[in-house]
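The structure appears right after this line, and notes come after that.
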């Protein structure tokens with residue numbers, strides 16, 4: 001098995017309904033331009049609040065993909 005190298009980026013996804021949807025939004029968006037996605041790790045969760053009400057859920061996601069650069 002050959003050695004592999006992976007790059008890790010950090011994204012923030014948001015959703016009006018849940019943290020799970022927020023994390024999924026980040027992965028879905030990244031998958032449109034990145035190949036060989038491997039692992040997504042939710043590193044932080046927070047909420048946007050307006051007028052005392054939660055208006056959005058946000059998930060900070062660390063996403064790794066296989067690095068093909070030479």
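What residue, of 25, 40, is in contact with a helix residue (DSSP H, G or I) (Cβ under 6 Å, 6 or more places away or on another chain), without any contact (Cβ under 8 Å) to a residue 40 or more places away in the chain and not in a loop (DSSP other than H, G, I, E, B)?
Values: 25 fails: in contact with a helix residue (DSSP H, G or I) (Cβ under 6 Å, 6 or more places away or on another chain).
When all the criteria are applied, what remains is 40.
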Could we say that residue 54 is over 8 Å from the mean Cα position of the chain (by Cα) and part of a strand (DSSP E or B) here?
yes
Those residues of region 28-37 that are at pLDDT 95 or above and in contact with a helix residue (DSSP H, G or I) (Cβ under 9 Å, 6 or more places away or on another chain) come to a total of 0
Restricting the search to region 1-22, which residues are surrounded by 11 or more Cβ atoms within 10 Å (Cβ to Cβ) and not in a helix (DSSP H, G or I)?
6, 7, 8, 9, 10, 11, 12, 13, 14, 15, 16, 18
Condition broken by residue 60, with the remaining ones in (1) in contact (Cβ under 8 Å) with a residue 12 or more places away in the chain; (2) exposed (fewer than 14 other Cβ atoms within 10 Å of the Cβ) satisfied:
(2)
Since residue 41 meets every condition but one in (1) closer than 16 Å to residue 8 by Cα; (2) loosely packed, with under 14 Cβ neighbours inside 10 Å; (3) at pLDDT below 95, which condition does it not meet?
(3)
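The values are calculated or read from the model by the stated rules, or taken from the named source; none is laboratory data. What you see is a predicted model; the values in this text were computed from it and never measured. Note that each Cβ is placed from the backbone with ideal geometry, even for glycine, and that neighbours are counted across all protein chains shown.
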